[in-house]
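Read-outs throughout are calculated quantities, based only on the coordinates presented, and are distinct from any laboratory measurement. Just so we're clear, the structure is a prediction, and the values are computed from it rather than from any experiment. When we count neighbours, we look across all protein chains shown, and the Cβ atoms used for this are built from the backbone with ideal geometry, even at glycine.
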Amino acid sequence: MTNSKNELTIVRTAKRSTRMTLLAETMLFLAVMLTQAKILIITSFIFTLGAGIANGLIFPILLLHLLGEASFRKKIIRTAILMLVNIPIAIFYAWLIIVRLEPNL
């Protein structure tokens, strides 16, 4: 029973982290594109690094739970894919900021 709760907890934690990261990245991206404030550019890149580290710690723990109960495998795999989708979005946002604001940096 404890093992099942832990598996659901890691899935919930990973989903929550992914959603919060995506929402914050999107808000920072929009703020940077609208204001072009250098402090927001720096803040967004620092946030992206921090989010990458945090999600980078959660992701392997999530994958380790694949070795456990088979009943949660589909949920864990879906959550892992959701976390991985966040990476190209963050890279795309960073690329757009660099390309659009390069002359101003």
If each residue's Cβ is checked for other Cβ atoms within 10 Å, how do Val85, Val99 rank with the fewest at the top?
Val99, Val85
Cβ-Cβ cut-off under 14 Å around Arg19, Lys and Arg +1, Asp and Glu -1: the net charge is +3
Debye intensity ratio I(q)/I(0), log10, the chain, q values 0.16 Å⁻¹ (C-alpha model)
-0.70
Take the alpha carbon gyration tensor of the stretch 42-104, find the square roots of its eigenvalues, order them as a ≥ b ≥ c, and report rounded if a/c is under 1.5; if not, report prolate when a/b exceeds b/c, else oblate.
prolate
Starting from the 7 Å offset along Cα-to-Cβ, what nm value, one decimal, do you get for the label separation of Leu82 and Leu30?
2.1 nm
I'd like the distance between the alpha-carbon centres of the stretch 86-105 and the stretch 25-85, rounded to an integer number of Å.
16 Å
Normalised by the residues of the chain, what does the relative contact order come to in percent, with Cα pairs under 8 Å and at least six apart?
40 percent
